[in-house]
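Here, each number is a calculation from the coordinates, and none is a lab measurement. Computed from a predicted model, the values in this text were never measured in an experiment. Backbone-built Cβ (ideal geometry, glycine too); neighbour counts: all protein chains shown.
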Amino acid sequence: MRSNLFSRKLAFIVTVTYFAAGFLWITLSDLVVATLHLPETQRTLVEILKGDLFIALSSVAVYFLVHRLTRISNESSVQKHLAREDPLTHLLNRSGWIEASIAALQQQVRGEATIVLIDVSQLRYINGAFGTAAGDFVLRYLADHIRHHLGPHDILGRDDASRFVLFLPGNPGHAIERLFEDLAQVSQHPVHLGLHRFRFSFAMGISQSPRDATSIAELLTRAAIALDQAKVSPDRHLAYYDQTDAKNTLAALRLETDLGLALERHEFIMHFQPILSLPGLRILSVEGLVRWQHPTLGLIPPDIFIQTAERIGLIHELGHFVLAESIRNLMRLPIPGTVRPSLAINLSALQFAHRDLLQSIHDTLEETGFPPERLSIEITESTFMNDPEQGRKILKRFRDMGISTALDDFGTGYSSLAYLQELPVQTLKIDRSLIKPLPIQEPSRRIVRALIDLAHSLELRVIAEGIERREELEHLENAGCDAVQGFLFSRPLPASSLSEWILNQAGNPEGSA
Ligand code: C2E
Ligand code: CA
Ligand code: CA
């Protein structure tokens, strides 16, 4: 609007100047020629030359004027372009996308349109672990993939650091599904960048006009709520905005805020579950399992908040607390000096990949004087998926520090026997899903026995997890399992109850089961 007004004013000034200069030139030069009293033929010649000179001068003036004006207009359009473009992906930036989408929404018959937010879930982690060049690479890689799906009237932009935003005319459910499936495929393969190999995952939140809202601003808010929902969904990370779900999300967001404050409010506590020798059922170690004592909701189990703690960047501080607090508790247990259980703690993939992990563990051990030989770190196979080579290096560093490591939850997910051979771990923890069918299924008995034999041939110690029944224990003992853990012996206990349990058990080892 403003530039329109500006160019009209400019055109008016140029025209008036040209008219005035032409008028003055003709009038003044005619007057000068008249005063010279030249003969008819010479006067005609002078008038022709005068006209030619005027045309030549005004042509030069027009050339410079047009040249300068187009330069100004080019510069301002480049500036305008830069203000609307994301320099990394060359997509529209947030304000450019909003401007274009508002215009496009106004043109839709019946106002039907779909907004899709696509979030790269671990961008912060990728930037932290592999450098920002890796994060940039993932964003460009993903932008190129999404571009392939665009129709002529679709508008793609980069909404913020880790998010893309897509405007689609109408309600193209199939196109969204295809895009989701394609990105899901792409995200299954690790990205190779230099020496690094890593994976990314993504989530999609969708809102629709006019069903959910009719303005771009509100549609964006609704899509962001759907995105939060998509992130917490256990299988497919895709969600359409749903008003009833939105209420749950708000509750989840409140929980997220509470979680951010839980550490400084001292609301995390440690419980410990004994791990017992087989045969003999003597206590060997305890697994530290964190809980959140919420002021109104009560005791919240780790499965509910570990992922959120990762998302809000609390997991490293929490991990530090878990180790330090567990050691403090163990060292203060009022138990005979002859019973000195080791400590096992869990690390999530994000904790494992953190640059300061080894230093932080080393510092805690030094500050507390807890011997590294009494510490075991439990990790799952998925921890290595991003970067197996780096994972192996960290495991070796643990071994050099005197800390042992265990592969947790074996038998769930991707468990592969080939892996066992390659990983420098000392212990294998067989998951409850393999233990549960032992009393009723002969094939599962054969599998567990073979697994224990294989682990032993690789010089690994085997702990069976989640033992609830005596029959399960008997089968494991027959199969040569080294240690057991489960509700049959003890649930995870606060430190005070743990010492009682240990004192009881010391007098009566076989009787605890
Ligand atoms: P996990 O490492 O597999 O821990 C064992 C889980 O199995 C514990 O659940 C424990 O209470 C449960 N369990 C033990 N015996 C039995 C049994 O006989 N039957 C059944 N059904 N379950 C049994 P919990 O404490 O809820 O922990 C769940 C998961 O949360 C843990 O699985 C671990 O992956 C994670 N976690 C716990 N504490 C921490 C922590 O400090 N840091 C991290 N990163 N993750 C943690
Ligand atoms: Ca564990
Ligand atoms: Ca486990």
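If r is the Cβ-Cβ distance from Arg178 to Arg355 and R0 is 41 Å, what FRET efficiency results, to the nearest 0.05?
For Arg178 and Arg355, the calculated efficiency is 0.60.
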Given unit charges at Cβ for Lys, Arg (+) and Asp, Glu (-), the dipole magnitude of the stretch 346-498 about its Cα centre in debye, nearest 20, is 180 debye
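Among Thr338, Thr214, Thr383, rank each residue by its count of other Cβ atoms within 10 Å, from fewest to most, as a rough exposure measure.
Listed from fewest to most nearby Cβ atoms, that is Thr338, Thr214, Thr383.
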Honestly the stretch 94-241 on the Cα gyration tensor test (a ≥ b ≥ c root eigenvalues; a/c under 1.5 rounded, otherwise a/b vs b/c for prolate or oblate) is just prolate
Note, the stretch 263-275: 3J(HN,Hα) by Karplus (6.51, -1.76, 1.60, θ = phi - 60°), whole Hz, Gly/Pro = x, goes 5, 6, 8, 6, 9, 8, 9, 9, 10, 10, 10, x, 10
Ordering 396-408, 218-230 by per-residue average of other C-beta atoms within 10 angstrom, highest first, gives 218-230, 396-408
Measuring from the longest principal axis of the C-alpha atoms of the chain, the long axis of helix 216-232 (C-alpha) lies at a number of degrees, nearest 10, equal to 20 degrees
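Among DSSP beta bridges lying fully in the stretch 293-445, give the percent that are antiparallel, nearest 5.
Details: 2 of 14 bridges.
Taking every DSSP beta bridge with both residues in the stretch 293-445, the antiparallel ones total about 15 percent.
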In this structure, the FRET efficiency calculated for Arg397 and Glu422 from their beta-carbon separation, with R0 = 25 Å, to the nearest 0.05, is 0.95
Given unit charges at Cβ for Lys, Arg (+) and Asp, Glu (-), the dipole magnitude of the chain about its Cα centre in debye, nearest 20, is 1020 debye
When Ser201, Ser360, Ser490 are arranged by how many other beta-carbons sit within 10 Å of their Cβ, fewest first, they go Ser201, Ser360, Ser490
Taking Cα atoms, the helix 2-35 axis meets the longest principal axis of the chain at an angle in degrees (rounded to 10) of 20 degrees
Shape call for the stretch 331-439, from the Cα gyration tensor axes a ≥ b ≥ c (a/c under 1.5 means rounded, otherwise prolate when a/b beats b/c, else oblate), comes out oblate
Residues other than Glu218 with Cβ under 13 Å of its Cβ, Lys/Arg counted +1 and Asp/Glu -1, net out at +1
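Quick check on the chain: of the DSSP beta bridges with both residues there, what percent are antiparallel, nearest 5%? Write down the numbers at each step before the final one.
Values: 40 of 65 bridges.
Within the chain, antiparallel bridges account for around 60 percent of the total.
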Taking R0 as 35 Å and r as the Cβ-Cβ distance between Asn171 and Ser433, the FRET efficiency 1/(1 + (r/R0)^6), rounded to the nearest 0.05, comes to 0.30
Note: Arg140 to Glu471 extended length (0.36 nm per residue) minus current alpha-carbon separation gives 113.6 nm
So the number of lysine pairs in the chain with alpha-carbon atoms under 25 angstrom apart, 8 or more residues apart or on different chains, is 4
Here the relative contact order (percent) of the stretch 256-505, from C-alpha pairs under 8 Å and at least 6 apart, is 20 percent
Along the dipole axis of the chain (charges at Cβ: +1 for Lys and Arg, -1 for Asp and Glu; origin at the Cα centre), the most positive-end residue among Gln421, Leu318, Leu451 is Leu318
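For a test of the definition: using alpha carbon positions, the gyration tensor, and the 1.5 limit on a/c, classify the chain as rounded, prolate or oblate.
prolate
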Sorted on mean Cβ neighbours within 10 Å (highest first), peptides 50-56, 169-175, 270-276, 305-311 come out as 270-276, 305-311, 169-175, 50-56
Given 115-124, 287-296, the highest-first ranking by average Cβ count within 10 Å works out to 115-124, 287-296
In debye to the nearest 20, the charge dipole size for the stretch 365-436, taken about the Cα centre with +1 at each Lys and Arg Cβ and -1 at each Asp and Glu Cβ, equals 200 debye
Residues whose modelled amide H sits under 5 Å from the amide H of Leu91, counting only those 5 or more places away in sequence or on another chain, are Asp86
Helix-only [θ] at 222 nm, the chain, -39500 (n - 2.57) per DSSP H run of 4+, per residue, nearest 500, equals -17500 deg cm²/dmol
Extension length gain for Ser457 and Ile13 (0.36 nm per residue less Cα distance), in nm, is 150.5 nm
Contact order relative to length for the stretch 178-266, counting C-alpha pairs under 8 Å separated by 6 or more residues, stands in percent at 21 percent
Dividing the mean separation of Cα pairs under 8 Å (6+ apart) by the residue count of the chain yields a relative contact order in percent of 10 percent
